[in-house]
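To start, the structure under review is shown below, and the notes come after it.
The numbers here are math on the coordinates, done by the rules we state, and not lab data. All values reported here derive from a predicted model rather than from experimental measurement. Note that each Cβ is placed from the backbone with ideal geometry, even for glycine, and that neighbours are counted across all protein chains shown.
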Amino acid sequence: MALGVGARPVPALRRYVDSYVGFDLRGLPAGVHSGPPSRVLTAVISLSDPLELAAGVGDGSPVTRFDSVAAGLMDRSVAIHHDGRQLGVKVALTPLGARAVYGVPAAALAQRLVPLDEILGAPGVELTDRLRAASTWAARFAVLDEVLLRAVGRGSGGDPARRMRPEVAEAWRRLVAARGRVQVGAVAAELGWSRRHLTERFRGELGLSPKSVARVLRFEHAHDLATARDRLPWAEVATIAGYADQSHLVRDWSVFTGRTPTAWRHGEVLLGTA
C-alpha cells in the first residue's frame, strides 16, 4: 500500500516553502529508492524508523541513518534504502527558503545530507517530536506551518530576498521558467554580466552552476514525464523535455541516477506507487 498526502504551506511561507508531502508506504518489496535531483531543497522527517540514505546511487557513497534530514540542491540522485515500510513527511524548500528557514545560502547544503537539527537547531528537534506526536496529516501540516513560520521570523537581517543578488534570483527564475532550456550566456548578457561572473555568483549562492541547474531542470521535466500515469516512449520523453535526441537523455539519466532509463524503470521499487 502507498499513501501520499500533499499540502501547500500557509501563504506567508510560500516564497520559502514549495510544498509538504506526507507519505505512508508499506508492504512493498525491500530495496533502494532513487530520490531524483530537482529544483527544491528537501527536508524529510521520519515518523517511524530512521531513514537510511546515501548521497549517490551505485557510486559507493556511505549509507547514513537519520531521524530527520536536510538536503541541498543535488546533481545526482539520493539512494534511499528501505525494508518496504516508510512513514514520514517531506518538506520542499525553495533556494530562498534556505536563507529564510535555515539562515544560510542554499550553497551551504549543496550536494550534502545533514541532520535537520544540526542546521535548524532546537526547532528541528521540536519539529520531529511534534510531528511524531500528531495523529493526523492535517495536524502535522499545521505543526510544520507553525514551526517554520517561527524559524523564518527568528532570522536576522531582514528580508532574505535582499541578501540574494537580484541578478542571481532572476537567473534562477528564468532557468526554472524555461525548465532549463535557455542559454546561460544569453541570460548573463541580458543581466549585464559575463557568463563567468554569473556562474561564480550563482554557484556561490546555490552551490551549483547555472549549467548544472539547467541540466537538473531538464532531467526533472523528463522524470515527471517518465513517472506520469500514462507513460510515454523514451524518445518522446526526450523530445518534450528538450534533449537533442534520446542518446542525450540516456547520458544525463545515467549521470543523475546511476542507471539507464530502462534499468531505472525496471529497478525503481517505488515507481508508480505514490
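Based on DSSP H runs of at least 4 residues, each adding -39500 (n - 2.57), what is the mean residue ellipticity at 222 nm of the chain after dividing by all its residues, to the nearest 500 deg cm²/dmol?
-12500 deg cm²/dmol
Rank 143, 57, 89 by mean-square fluctuation in a GNM of the chain with C-alpha springs under 10 angstrom and give only the top-ranked residue.
143
Cut-off is 10 Å between beta-carbons; in what order do 164, 74 appear when sorted fewest neighbours first?
164, 74
What is the fewest-to-most order of 119, 240 by other Cβ atoms lying within 10 Å of their Cβ?
Ordered by Cβ neighbours within 10 Å, fewest first: 240, 119.
If you place +1 on the Cβ of every Lys and Arg, -1 on the Cβ of every Asp and Glu, and leave all else neutral, what size is the dipole of segment 213-267 about its Cα centre, to the nearest 20 Debye?
Roughly 160 debye for segment 213-267.
Can you find, among 87, 28, 233, the residue farthest towards the positive end of the dipole of the chain? Put +1 on the C-beta of Lys and Arg, -1 on that of Asp and Glu.
Ranked along the dipole, the leading option is 233.
Looking at 208, 172, 197, which one has the Cα that reaches farthest to the positive end of the dipole of segment 160-211 (charges on Cβ: Lys, Arg +1; Asp, Glu -1)?
Projecting each Cα onto the dipole axis, the largest value belongs to 208.
Between 191, 93, 148, find the one with the highest GNM mean-square fluctuation for the chain; connect C-alpha pairs within less than 10 Å.
With Cα springs under 10 Å in the chain, the top fluctuation among 191, 93, 148 is at 191.
Return P(r) of segment 213-267 (all Cα-Cα pairs; 5 Å bins starting at 0; whole %; ordered from short to long distances).
4, 22, 36, 28, 8, 1
Only residues of segment 224-252 count here: report those whose backbone N is under 18 Å from the spot 7 Å along Cα→Cβ of residue 61, or say none.
Under cut-off, by backbone N: 252.
So if each residue of separation counts as 0.36 nm, and I subtract the Cα-Cα distance between residue 83 and residue 24, what length gain in nm does that give?
19.9 nm
Pick from 203, 218, 150: which is most flexible by mean-square fluctuation in a GNM of the chain where alpha carbon atoms under 10 Å apart are linked?
150
Listing 172, 137 from the residue with the fewest other Cβ atoms within 10 Å to the one with the most, what is the order?
Going from sparsest to densest Cβ surroundings: 137, 172.
Label points 7 Å out from Cα along the Cβ direction at residue 181 and residue 230: separation in nm?
1.9 nm
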